[in-house]
Amino acid sequence: MPRNAMWRGAPYSGGYGATVTDRENLVTKIAAQGARAGDIVVSLEDFFTGNDDRGSIGCNLGKDQPPIPTFFQVLREIRSRPGVQDVLVRVCEFDDPSSWPYSDTVYVLASAPIDEVQQWLAPLKPDEVYAEWMYGPPPKAPALKPGVTPYSAWWD
């Protein structure tokens, strides 16, 4: 499904207490990485603070898509687990000023086995959870601690 196909026509509203500054700050951090779209990773806070754009992540799920605040909450809970180094959001598109930047993948850097990581992510209904960087390591990804695997949670 094309980006935002399910939610086109509902422009970014700046909801959840967002100001234009939330999106501008995110886009500034994205641009500062100097990488092409798809090679960019940002923190959960950078991606989700002020984000109410249902087309920004998991938009292929249609009516089964969890609310954006649920994505943020579940991913923060995962990041707080023992053995989790970090959870990062891959940014694929960010050049449309009328919408929030788009992600199709979240990276969970963890020492847990894949079946456990899949259980953690289940409420977000990813299409696939893959052990390794799905698109290769992003240039700004942190060095992995010993025993940590980058898991890619992907929404088609």
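The values are calculated or read from the model by the stated rules, or taken from the named source; none is laboratory data. Note that this is a predicted model, so its numbers are computed, not measured. Note: ideal-geometry Cβ built from the backbone for every residue, glycine included; neighbour counts use all protein chains shown.
Working carefully through the options Val148, Val129, Val117, Val74, find the one that is within 22 Å of Gln33 (Cβ to Cβ) and β-branched (Val, Ile, Thr). Steps first, answer last, please.
Working: Val129 fails: within 22 Å of Gln33 (Cβ to Cβ); Val117 fails: within 22 Å of Gln33 (Cβ to Cβ); Val74 fails: within 22 Å of Gln33 (Cβ to Cβ).
Just a single option satisfies the conditions, and that option is Val148.
Of Asp127, Asp95, which residue is under 23 Å from Glu24 (Cβ atoms) and surrounded by fewer than 20 Cβ atoms within 10 Å (Cβ to Cβ)? Outline the logic, then answer.
Numbers: Asp127 fails: under 23 Å from Glu24 (Cβ atoms).
Exactly one residue qualifies, and that residue is Asp95.
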Residue match in region 132-140 (condition: touching a residue at least 24 places away in the same chain (Cβ under 8 Å), touching a Phe, Trp or Tyr at 6+ places or on another chain (Cβ under 9 Å) and buried (at least 22 other Cβ atoms within 10 Å of the Cβ)): no
Being surrounded by fewer than 17 Cβ atoms within 10 Å (Cβ to Cβ), over 10 Å from the mean Cα position of the chain (by Cα) and within 15 Å of Gly50 (Cβ to Cβ), is that true of even one residue in region 99-113? no
Just to be sure I understand, how many residues within region 62-100 are at negative phi and part of a helix (DSSP H, G or I)? 14
Which members of region 142-156 meet the condition of being closer than 22 Å to Asp127 by Cβ and in a loop (DSSP other than H, G, I, E, B)? Trp155, Asp156
Cβ contacts < 9 Å: first residue of a type in the set (Gly, Ala, Ser) and surrounded by fewer than 18 Cβ atoms within 10 Å (Cβ to Cβ), restricted to region 42-71; second residue part of a helix (DSSP H, G or I) and modelled with pLDDT under 95, any location; separation 6+ or different chain. Result? Ser43/Lys29
